[in-house]
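Just so it is clear, none of the values below were taken in a lab; they were calculated from the coordinates. Bear in mind that the values here come from a model prediction, so they are computed numbers and not experimental data. Positions of Cβ are generated from backbone atoms using ideal geometry, with glycine treated the same way; all protein chains shown enter the neighbour counts.
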Amino acid sequence: MISVGKYVDRFEEMIAGYTGSARAVACVNGTNALHLALKLAGVEQHDEVITQSLTFIATVNAIAYCNAKPVFVDVDRDTMGLSPEKMKRWLETNTKLESNQCINRSTGNRIKACVPMHTFGHPMHIEELVDLCARWNIKLIEDVAESLGSFYKGKHTGTFGCIGVLSFNGNKTITTGGGGMLVFQDKELGNYAKHLTTQAKIPHKWEFKHDAIGYNYRMPNINAALGCAQMENIEAFLNNKRETAMKYKRFFSTIGMQFFDEPKECKSNFWLNCVILEGKEEQIQFLTETNNNGVMTRPLWELMNRLPMFAECQRGDLTNAEWFADRVVNVPSGVRNSN
Ligand SMILES: Cc1ncc(COP(=O)(O)O)c(C=O)c1O
């Protein structure tokens, strides 16, 4: 049985140890790990889930897989992650607590969960969000697909909420070809997640019986073996990426351009570096000039509220996300070969 081999267990233990989690559960990719995390948090049809409009599509697709609706809240200018202040304002204006459930006044639906994302590996203001979610009885799931190796006040991202979701896609800090991981502070919940990723099969030598609707979301052993080898090098990868970021920072400051640096009291993995241009025109000029000269740069993802599938979803004031959309350009950030 290639999918339940020793490398899966070992990789899970390595990630749990590295992130300081009670349990880690390997999945086929980050997107299905996000889907499962939302299911575990109890997100059901008609529920609403607060997330940021400035994120990668997978965060929002996972909400849609649960037949739930995203509510888009703005990001902070210093982190590019979900803004606790903007979320607080949105909650106070649009929701009420009824039998300890957060209810959207206009739709009558439950706000069950919140999924912030640590954009490009920069930790967002997670402590404030933990307090806010506790106050409104909202389950907190951190999308840490981009932030393996990023710490907030010395604590690994993804360990503040009830579940953290990592990705090991080919472009991430470490890769398993494709892969994802759920990290838990509650070991029991982690064990149950493992059960669900393996078709909810009741362990037995020969019987095939299942006690829930499960998923075939487990990571194959062969991918996990890659993950173990990659984890042995994580510090070297992170140091290499930090060096690149510092070179960019020095270079861009000498020509008067703004490099997006790690937020205060945080350690970023500098997964994907970016500069902030002065406006849309300069952004397009920079993209054109670099790409025409063989340097692959790219703008921010299209904001989620501007995509046709999510255009009708409720949203708060998105001033900062819109500001970034007109200014961010990502610059090459892969691990450099030292030879
Ligand atoms: C923010 C974010 N969430 C989720 C994912 C999904 O992960 P995966 O590609 O492993 O499905 C990614 C990246 O791929 C991502 O950047």
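Here the sum of -39500 (n - 2.57) over DSSP H runs of 4 or more residues, divided by the residues of the chain, equals -11000 deg cm²/dmol at 222 nm, to the nearest 500. Listed here are the pairs Lys153/Lys187; Lys39/Lys172; Lys39/Lys194; Lys39/Lys205; Lys96/Lys139; Lys172/Lys194; which of them are more than 21 Å apart at the Cα? Pairs exceeding the cut-off: Lys153/Lys187; Lys39/Lys172; Lys39/Lys205; Lys172/Lys194. The stretch between Lys280 and Lys205 holds 20.8 nm of extra length on full extension. This uses 0.36 nm per residue minus the Cα-Cα distance. Extension gain for Lys96 to Met296 (0.36 nm times residue separation, less C-alpha to C-alpha distance): 67.3 nm. Determine which aspartates and glutamates satisfy two conditions relative to Lys69: a Cα distance under 16 Å, and not lying fewer than 8 residues away in the same chain. Excluding near neighbours in sequence, the set is Glu44, Asp47, Glu48, Glu312.
Rg of the Cα atoms in segment 1-50, relative to 2.2 N^0.38 Å, amounts to 1.41.
Note that segment 88-130 shows a convex hull volume over its alpha carbon atoms of 89 Å³ per residue. Spatially, segment 177-213 and segment 281-336 are offset by 37 Å when compared through their Cα centroids.
For segment 18-149, what percent of Cα pairs sit more than 23 Å apart? Summing the P(r) tail past 23 Å for segment 18-149 gives 28 percent. Model label points for Asp317 and Arg135, set 7 angstrom from Cα along the Cα-to-Cβ axis, are 1.7 nm apart. For the chain, dividing the convex hull volume of the Cα atoms by the residue count gives 142 Å³ per residue.
Sorting Leu82, Leu54, Leu277 on the 10 Å Cβ count, fewest up front, what's the list?
Leu277, Leu54, Leu82
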